[in-house]
Amino acid sequence: MKKVKVLIASLLIITSMTTLSFSSNAYSINDRTDSIASSSARSGSNYKMLFLYLNSGTSLSSELMDYDNVNTYVISPDGGYHVTYDWNMSKQYYDYIDYIGYVKKYVDYIVSHRQTKNNKIFIATPSSFVNGKQQSPNSSNIKAFFADLRANFSDEVWNNNIEGIYVYDEEYTDNGKYHKNVGDIMHSNSDYRNKKLLWCPYYGVYGEISHVLRAYPNLFDIILIQPNYYFGGKDVLDKIKGWIETQKVNGVSSRNTVLGVQLEIDIAYTWRDDRVTAYGTTAKYCKTAYNKYFNTFESIKRSYPMSHFGDAWKPNLTNRTIINRINEFYAY
């Protein structure tokens, strides 16, 4: 753990905060009681989430305060801001340290404003993919990330605002070993044991979702399914709605995991109808698609976790039409 000690020492100089040690108690995801998941189920209707995909150039904006009906933020790196668990030889600290610094800026901004100071926040893990290939980090690196993340927040913010951890990787390509390792390590630490674990896979990996639910029924507290219809994928909204209503994916019960959905919208929703998007559709298609999301999940939004895809590109988060549309969906 030499790297961790060097890193923690540097964090103490930078942040003047006390680092926290991990519990040595053996603890497995499958040893967890149902209390956290049951709590999630009871409070599923309380989650009105907005995903904030940040990068090193993303600036904070007062428009975030205008999402009046959002009560939970999920902070994550965007696809162009690659964050891993790797030890950076040139900088002599973990690759994710800069990312944690940006996350802290977002969290401080959110909790410092009257409108959002009580909002809940999920924070994404680094990616396990390097150059397009999964390289599952070892346990010591995952533990180091959790320690360094915790060291950057006061007890008040950690206990009142940090709701849980979002596993950044949408795919489940190593038969779940990485995802399960994150969950086991997270819940073996007393600082994280009562935090929730969130995953947001896209519809195309529904086989992996059903595998997770069958093999690791206590792994995730919440799974939000991305339809991908907005970006030109198949219209599977009714199918996903059925999964959420039954809390089953392809007949596999979610058991201790609460299923919800991610509604997708971006700046293309505001363009003239014939303008072509980067993903090969038109703005008219995007408007029709989001409106169908809105109408499909309207009847169940009060009972299950709901989320919206934002983006790192600032206009997606600050456009008044998008803000109003998301607020309208969350007006309950």
Exercise for review: At 7 Å along the Cα-to-beta-carbon direction for both Asn138 and His82, put a label point, then send me their distance in nm to one decimal.
Suggested key: 2.2 nm
**Study point:** Residue-span extension gain [Asp274 to Leu60] - 0.36 nm each, minus C-alpha spacing
**Key:** 73.9 nm
Review point. Given q = 0.12, 0.22 Å⁻¹, what are the Debye log10 I(q)/I(0) values for region 115-200, with equal point scatterers placed on the Cα positions and solvent ignored?
Key: -0.37, -1.10
Revision key, fill the gap. Computed over region 207-332, protein heavy atoms only, probe 1.4 angstrom, the accessible area per residue in square angstrom equals 39 Å²
Revision key, fill the gap. FRET efficiency for Asn228 and Met89 from the Cβ-Cβ distance with R0 = 41 Å, rounded to 0.05, comes out at 0.65
Exercise for review: Starting from the Cα of Ser190, step 7 Å along the direction of its Cβ; do the same at Thr288; then give the gap between the two resulting points in nm.
Suggested key: 5.8 nm
Practice item. Give a residue-ordered list of calculated ³J(HN,Hα) values for region 150-162 (Karplus: 6.51 cos²θ - 1.76 cosθ + 1.60, θ = phi - 60°; whole Hz; x for Gly, Pro). Key: 4, 5, 8, 10, 5, 4, 4, 5, 4, 7, 9, 10, 6
Point to revise | Pairwise label distance in nanometres, Asp174 with Asn160, each label 7 Å out on the Cα-Cβ vector | key: 3.8 nm
Review point. Taking the Cα centre of each part, how many Å lie between region 112-147 and region 236-276?
Key: 23 Å
Practice item. List, in order, the whole-Hz ³J(HN,Hα) value for each residue of region 326-332 obtained from phi through the Karplus relation with A = 6.51, B = -1.76, C = 1.60 and θ = phi - 60°; use x for Gly and Pro. Key: 5, 4, 5, 5, 8, 7, 7
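Subtracting the Cα-Cα distance from 0.36 nm times the residue separation, let me have the gained length for His113 to Ser303 in nm, one decimal.
65.6 nm
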Review point. Lysines near Lys292 by alpha-carbon distance under 21 Å, same-chain residues fewer than 8 away left out - which ones?
Key: Lys48, Lys234, Lys239, Lys241, Lys284, Lys301
Exercise for review: Would you pull out the residues with amide H under 5 Å of Glu163's amide H, same chain only if 5 or more places away, H placed 1.01 Å from N?
Suggested key: Ile121, Phe122
Point to revise | Fraction of alpha-carbon pairs over 19 Å apart in region 74-224 - percent | key: 53 percent
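The values are calculated or read from the model by the stated rules, or taken from the named source; none is laboratory data. Fair warning: this is a prediction, and the values are worked out from it, not measured in the lab. Please note: Cβ atoms are built from the backbone with ideal geometry, for glycine as well, and neighbour counts cover all protein chains shown. These area figures cover heavy atoms from the full protein model, side chains too; ligands, DNA and RNA do not enter into them. Shrake-Rupley method; radii C 1.70, N 1.55, O 1.52, S 1.80 Å.
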